[in-house]
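K.L.:
Just dropping this structure here.
Derivation of every value follows stated rules applied to the coordinates shown; laboratory data play no part. Predicted model only: the values in this text are computed from it and were never measured. Please note: Cβ atoms are built from the backbone with ideal geometry, for glycine as well, and neighbour counts cover all protein chains shown.
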Amino acid sequence: MSSLEISSSCFNQETKLPSSPPLVEASAGEPLEYGRKGVNEVEEKSKDIIKFTAEKLSVEEVSQLVTSPLCGAVSLFVGTTRNNFEGKKVISLEYEAYIPMAENEVRRICSDMRQKWPVQHIAVFHRLGLVPVSEASIVIAVSSAHRAASLEAVSYAIDALKAKVPIWKKEMYEEPSSSSWKRNKECFWATSSD
């Protein structure tokens, strides 16, 4: 094999999902139909996949959920826990959410994205509970036929999520019993008295 050849045996096409609470999916469009249609005639039902979980997030899993033969782009945002904030050593973050309201707000954000950009699939996974340094707190994936739509949509998604979705974050510091609840400056219910 030359240096330009890639062995397809290196890639595992099967994605196994861990057992966890069910995903929330909303769909728009037509079902996936391959049958006798040509490649350009394939129809695929659009989907919005929303998950709040205490389990470690898999970027690969979320990316695979939005991959489509109709799309030439999958754009991702992965938010991770960093090890510092304002000179303090952070050891983890802790997230809490009011899940029914959070899911509804994320559905609205997905709907807004679909009205603004021609996107195919959207996945928003957010971790709850303790998230150690370097692990993902959020993974947002968007697929579209062309990159501009998915890139703009994923940027909009994280900004809108931080501004509208009821998720609370607590930073846990290295100092014993030291922590601090944080608010997003983008959040519409936050006051500007700081």
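K.L.:
Report, by chain and number, residues whose modeled amide H sits under 5 Å from the one on residue 44, excluding near sequence neighbours (fewer than 5 apart, same chain).
P.N.:
Result for residue 44 returns 30.
K.L.:
Can you list residues whose amide H is under 5 Å from residue 91's amide H, if they're 5+ apart or on another chain and H is modeled 1.01 Å from N?
P.N.:
Amide H to amide H, under 5 Å and 5 or more residues apart or across chains, residue 91 pairs with 172, 173, 174.
K.L.:
Out of 157, 134, 91, whose Cα points farthest toward the positive end of the dipole of the stretch 59-179 (charges: +1 Lys, Arg; -1 Asp, Glu; placed on Cβ)?
P.N.:
Of the options given, the answer is 157.
K.L.:
Show me, for the stretch 87-94, the HN-Hα J-couplings you get by feeding each phi into the Karplus relation (A = 6.51, B = -1.76, C = 1.60, θ = phi - 60°), rounded to Hz, glycine and proline as x.
P.N.:
x, 9, 7, 8, 9, 5, 10, 10
K.L.:
Taking R0 as 22 Å, what's the FRET efficiency between residue 54 and residue 115 from their Cβ-Cβ distance, rounded to 0.05?
P.N.:
That pair, residue 54 with residue 115, gives E of 0.10.
K.L.:
Relative to the present Cα-Cα distance, how much length would full extension add between residue 88 and residue 64 at 0.36 nm per residue of separation?
P.N.:
Working it through step by step, the gained length comes to 5.0 nm.
K.L.:
For residue 76 and residue 101, what does the FRET efficiency come to when R0 = 22 Å and r is the distance between their Cβ atoms, rounded to the nearest 0.05?
P.N.:
0.30
K.L.:
Further, regarding this structure: Would you pull out the residues with amide H under 5 Å of residue 137's amide H, same chain only if 5 or more places away, H placed 1.01 Å from N?
P.N.:
79, 80, 81
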